[in-house]
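J.: Here it is, the structure in full.
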Amino acid sequence: MKMIASTKLAKAQRAMITGKEYGIANSEIFDHTPSETPAKRKLFIVVSSDKGLCGGIHSSVSKATRRALADTEKPVDADSPIMVIGDKSKGQLARVLSKNLTLTFNQIGRDIPSFADAAGVADLIVKSGVEYDSLAIVYNRFVSAISYEAGIVEVANENTVQGVP
C-alpha cells in the first residue's frame with residue numbers, strides 16, 4: 001500500500017511542478033492588470049476534489065470562501081455567485097451558502113489536470129451568463145505531503161484584461 005501511495009504522490013508532484021510554469025506566466029498577466037475600484041460582485045471558483053477522506057483539505061477552501069464573503073475590510077455582495085469544482089466542497093458550501101451556488105462541476109481532474117479540462121470549465125462559466133466584476137479562485141496551496149493552505153487568486157474579468165495596454 002505504501003508503495004502505491006508514494007508512486008501516486010510522486011506522479012502528482014511531477015504534474016504540479018510542470019503546471020507551476022503555466023501558473024507563473026498567468027500570475028505575471030494578472031499582477032499587471034490595474035484595478036481602479038475594488039470589485040463588489042465577485043465570482044468565487046472553489047477548487048476541491050470529488051473524493052477523499054481528508055476533510056481538512058476540503059473544509060479549508062470552504063472556510064476560506066465563507067471568510068472572503070464575510071470580510072468587512074474588502075466587502076463583496078452577499079449574493080456573489082459561487083461555482084464549485086469537486087463534490088466535497090460542494091456539499092459543505094451547499095449547507096451554508098446554497099443560494100449562492102450557481103454551477104458545480106465533478107469528475108474534473110480525475111487524472112493529471114489538462115488544458116482541455118480547464119478550457120471546458122471556462123467555457124461553461126462563460127456560457128452560464130453569470131455577471132461579475134472579478135474572479136476569486138479558491139484553491140489548496142501545496143505545502144508538503146501532509147499540509148496544504150487555502151489560497152485565493154484574484155483575477156480581473158475579461159473586459160478589464162482586454163483594456164490593458
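J.: Given 0.36 nm per residue, what is the gain on full extension from ASP50 to VAL96 after removing their alpha carbon distance, in nm? The partial results should precede the final answer.
T.: Working: separation 46, 0.36 × 46 = 16.56 nm, distance 1.89 nm.
Full extension from ASP50 to VAL96 adds 14.7 nm.
J.: What is the set of long-range amide H partners of LEU101 at a cut-off below 5 Å, with H atoms built 1.01 Å from backbone N?
T.: Placed amide hydrogens put ILE82 under 5 Å from LEU101.
J.: At R0 = 22 Å, how high is the FRET efficiency between LYS11 and ASN106 if r is their beta carbon distance? Nearest 0.05 is fine.
T.: Values: r = 22 Å, r/R0 = 0.98.
Calculated value: 0.55.
J.: Another question, if that's okay. Using the beta-carbon distance between ASP79 and SER59 and R0 = 22 Å, what value does 1/(1 + (r/R0)^6) give for FRET efficiency, to the nearest 0.05?
T.: On the way: r = 23 Å, r/R0 = 1.05.
Between ASP79 and SER59 the formula returns 0.45.
J.: Give the long-range amide H neighbours of LEU43: residues separated by 5 or more places, or on another chain, with amide H under 5 Å away, using H modelled in the peptide plane at 1.01 Å from N.
T.: Long-range HN contacts for LEU43: ASP133, SER134, LEU135, ALA136.
J.: Which FRET efficiency, nearest 0.05, do ALA119 and THR72 yield, Cβ-Cβ r, R0 30 Å? Write out the running numbers ahead of the final one.
T.: Numbers: r = 36 Å, r/R0 = 1.21.
Working from the Cβ atoms, E equals 0.25.
J.: Once you've got the Cα coordinates, tell me which of LYS88/LYS127; LYS8/LYS51; LYS63/LYS88; LYS42/LYS63; LYS42/LYS99; LYS40/LYS99 are over 19 Å apart.
T.: Working: LYS88/LYS127 24 Å; LYS8/LYS51 15 Å; LYS63/LYS88 13 Å; LYS42/LYS63 16 Å; LYS42/LYS99 15 Å; LYS40/LYS99 17 Å.
Flagged as over cut-off: LYS88/LYS127.
Where a number appears in this text, it was derived from the coordinates with a stated rule and is not lab data. Here the structure is a predicted model, which is why all the values come from computation and not from measurement. Positions of Cβ are generated from backbone atoms using ideal geometry, with glycine treated the same way; all protein chains shown enter the neighbour counts.
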